[in-house]
1. According to a simple spin-label model (label point 7 Å from Cα along Cα-to-Cβ), what is the distance in nm between A:K456 and A:A372?
2. How big is the range B:1-135 along each principal axis, measuring the range of its Cα positions in Å and listing the largest first?
3. If we count every other residue with Cβ under 12 angstrom of B:L167's Cβ, Lys/Arg +1 and Asp/Glu -1, where does the sum land?
4. Residue by residue through A:382-391, how many Cβ atoms from other chains fall within 10 Å of the Cβ on average?
5. Which residues' amide hydrogens lie under 5 Å from the amide hydrogen of A:G209, considering only partners 5 or more residues apart or on another chain, with H built in the peptide plane?
6. Given R₀ = 51 Å, FRET efficiency for A:V90-B:H323 by Cβ-Cβ distance, to 0.05?
7. Hey, any idea what Rg/Rh is for the range B:195-337, computing Rh the Kirkwood way over Cα pairs?
8. Ordered by packing density, taken as the mean number of other Cβ atoms within 10 Å over each peptide's residues, highest first, how do B:154-165, B:174-185 rank?
Amino acid sequence: MFGLFKSGRSGQSGFHGGLTLPGHKLHGEAGRIRPAPLPDKVILPLSQHIGAPTRALVKVGERVLRGQLIADSDSFIAAPVHASISGTVVEIAPCAVPHASGLAAMAIVIESDHADEGLPTPDWPATEDPFSLDAQTLRERVRRAGLVGLGGAAFPSSVKLNPGSSANVNTLILNGIECEPYISCDAALMQEHADAVIAGAELIRRVLGAQECLIGLEDNAPEAAAALRQAINQADYGDIEIRVVPTRYPQGGEKQLIQALTGKEVPREGLPLDIGIVVHNVGTVAAIWRAIRYAQPLISRIVTVNGPGIRQPQNLEVRLGTPVAELIAHCGGYTQTPRLIMGGPMMGFALSSDAVPVVKATNCILVEVAQAEPADTTLPCIRCGECVDVCPANLLPQQLYWQARAKAFDKAQELDLFDCIECGCCAQVCPSNIPLVQYYRYAKTEIYQAEKEKRKADIARNRHEFRQQRLEAEAREKEEARRRKREALKQKKQTPAAAPASAKTTPANDAIAAAIAKAKAEKARRLAQEPASAASAQPDAISAAIAKAQAQKAQRLAADSGKADPAARTDQVAAAIAKARAARTASATAEAAADPVAPGAAAKRKADRASTTTDPVAAAIAKARAAKQAASASGDTAEAVAPAGPAAGKQDAVAAAIAQAKAARKPTPESASKPHAKTPDPVAAAIAKAKAAKAAREKPS
Amino acid sequence: MLRSSPHLPVEARVSRIMLRVCLALIPGILCYSWFFGWGVISNVLIAAGTALLAETLMLLWRKRPLKKHLLDGSALITGLLLGLSIPPYAPWWLLVFGASFALIFGKHLYGGLGYNPFNPAMLGFVVLLIAFPAEMSTWVNPQLELDSPRLSAYTQGRVGLTELDGLTAATPLDHVKTELSRQRTVDEARQSLPPGPIASYAWDWINLAFLLGGLWMLWNRTIRWQIPFGLLGGLGLCAGVFWLADADLHPGLLHHWFSGATMLGAFFIATDPVSASTTPRGRIYYGLGIGILIYLIRSFGGYPDAVAFAVLLMNICVPLIDHYTPTRTYGSGRGQH
């Protein structure tokens, strides 16, 4: 009975909340894909994806050909960049790039020679029958083609083709839903290149070992659905099913799409992979097919140029790096003073100028008409709760707003602030016109910032504590030395006949003293076995220094191996993910800008989650430390790397990071006895150290 | 400075919500004045006028944008609701005092629109009820011919309560309560009441008219179902249980639903979003709480009607309710929905 009254926005099938927005899509002839003219110059940012930025492989003045690799990275989560035209590299410098932050970023600028000359032979061969290739080769080629998720998230595709040995993928979902108004590049692609989409889907399904493949479409793209059905009928791949769902924003969000198609929810701190699902955008899938079948790297994409401020809205096949201004000119120019948005009106970001280039993630250039900033129409929140009804993450936006406004960030986190996907539904329905999403972004940024500072403070505190302990240990040693000296003197007084001896080392030739020394050495040996007892018997400063140097060297080696090992293993994924996570935590602030619906963002948020939930600080610190220690193998922090060495050697790099972090958390008094360790083997060194320390502790008593 | 997403134009619609509430009140006001005469209209006009004036003065004093806030309509609604809650033909000073108190102390001293923990209209009502109990429980007899000269003299404050002798009558709620306290049964008490189609003369029609407006607001999603259904459910549940236990001592469900301010309270007063619970589940509990409190105070308390007290008491509980009724975040906890 109550369900009856729940209708309207929240009672529909699929995901909670959401909005029905006016479509403004390009249909039929208006939406056909037209090639954009070749640009005079392209600006190719080094980082067009989620993950590590690439390094330029070309120099200013060098001539490059279309499809030539011009930037790459050693990092696993990264995508290389290819020249999208032939011409001359004229600049490698910070340029205006499309990014929510509006900051400039490194980019390679190529001036066209108007020849559009391709590579004589592609980097990898075109394949008549891509289905015959093994998964490893496919992933390798997908990576080399520079492929990233083309739906807007730009997560490197090769990573998503590698679910890992333990994962069990049941369902591949192709995201053909463009829930944002105005955007129709995917619909156009499905309509005109349905065969590439279907073939790519089958290829990916086989790589992942998924049983079924669902293609999600909204009912506002019937032509695309028809084209896909026809392509499926012509090909004999079987298990590919088209699911048309009612149009509702933000159905194109990965989590919402999964819920709409399968009824399942991705666990809060998990990935779709955790419930056996992998989602790829249809554009990505077609690009993967082209890369494998025809050996085409990612040098162009389809971009919708649309909006009330453009004269001839259309879908264009655009070379990456083409300045937006050239597209605008090709589309007949602006009708009025424009306001440019990259992406859709709900989640896109405003562009500062039309000089920025089209990048891999650019699905739409939305040309709004600039309007005078309206008078402040914002009213106080009247707690009406409309935002609660439309929230696809089923949060309490209104309460989040109050907490964010009050800077009660801990409370905001309790209300699952980080589950907010910033879809903007709440702000759209708010009767008081409150810019809710901006408050959430603000709160997230503040929390990232606070965590960063806390991490810094923790490191400083650890250093301080470590120093304190070292000083105490030194004081203890001095005290011990004095005590021995006193004892020696006492004995000297008692037996004046005895020969004088160095108080610091062996007591004397005196029989009693010799017996004591022998007993002590015996005890030490019993407790600490070889190296430790040797150490305790080695009072000589020079040899101690040598031992110290050796131990440090051993630790450096251990640290290096700890760093390099996992990357060299067959299971590179885990290592790469671990590294990316660590790196990401280190630069957490950048994340606020990233597209949260993105599949990559899910992974990212998983990392965040670890740093924000129940024991958020500890997790974050642990990660930061892991990252830091991996980077610097000297000084105090290197201490922890040695014991972690064996763990890092295992294939599970995450475990290694945790182990490192744990080790780092207790910089124990053992470190005081560091110099005594002698063995080059890091493990043995660590054990020896511990034992030596124990011996040292027990001796004075 | 670049604005961040979403970029679609958004219109502020608080005033539209408030306007709809005003429209939804019209059938109730018309029906009410059909039975009780012009006193209802004068009540409403004086209270609403005072509310708007007080709002204006407070906004000026607090240096807030006048037009934006006056047009949001919230002050108007506070005035309307207060005017409708106070017995018709009330002396002007009573309305002026109540409405200014509601706006100044109930709303602006807490920070204005959106910040008041209590329903301002009910706060004003309760202050009047405690300060002027006699005036606040004098209801003209809707069955008699209007004696306009005497009533207008009373409204203008020229004569006191004593001049209204013979024009007044107890409300059904009051009547039944009094009769029950005299060891009469419910049936006996009801027999001495003027009959109506559902419960009793005039009041069941008035409640039906407010119910109509409320259903219209439900239909166009101005309000949500949880609070009214919770309230009527809580009230009905209590009334039903006690009625089943002893029908002689406890009037039934219809008597409670269609008497006094039940429907006005369920659809117009308890649904004030600012002072109500905001979570979907919380709203049900909030409504239930009000319904149960209305029943308890009506049956066992010292007042014949209890909507104002029940609403204010539950306003106090709102932070608690909100805290314990969070939504289930996507991907967390028990499986589906």
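All of the numbers you see were taken from the coordinates with simple rules; none came from a lab. Note that the structure is a prediction, hence the values are computed from the model and not measured. Positions of Cβ are backbone-derived with ideal geometry, glycine not excepted, and every protein chain shown enters the neighbour counts.
1. 4.4 nm
2. Computed over the range B:1-135, the largest-to-smallest principal extents equal 60, 31, 22 Å.
3. Every neighbour counted, the sum reads -3.
4. Values: counts 12, 11, 12, 10, 5, 1, 6, 3, 0, 3.
Mean partner shielding for this stretch: 6.
5. Residues meeting the amide H criterion: none.
6. Details: r = 61 Å, r/R0 = 1.19.
Approximately 0.25, to the nearest 0.05.
7. For the range B:195-337, the value is 1.02.
8. B:174-185, B:154-165
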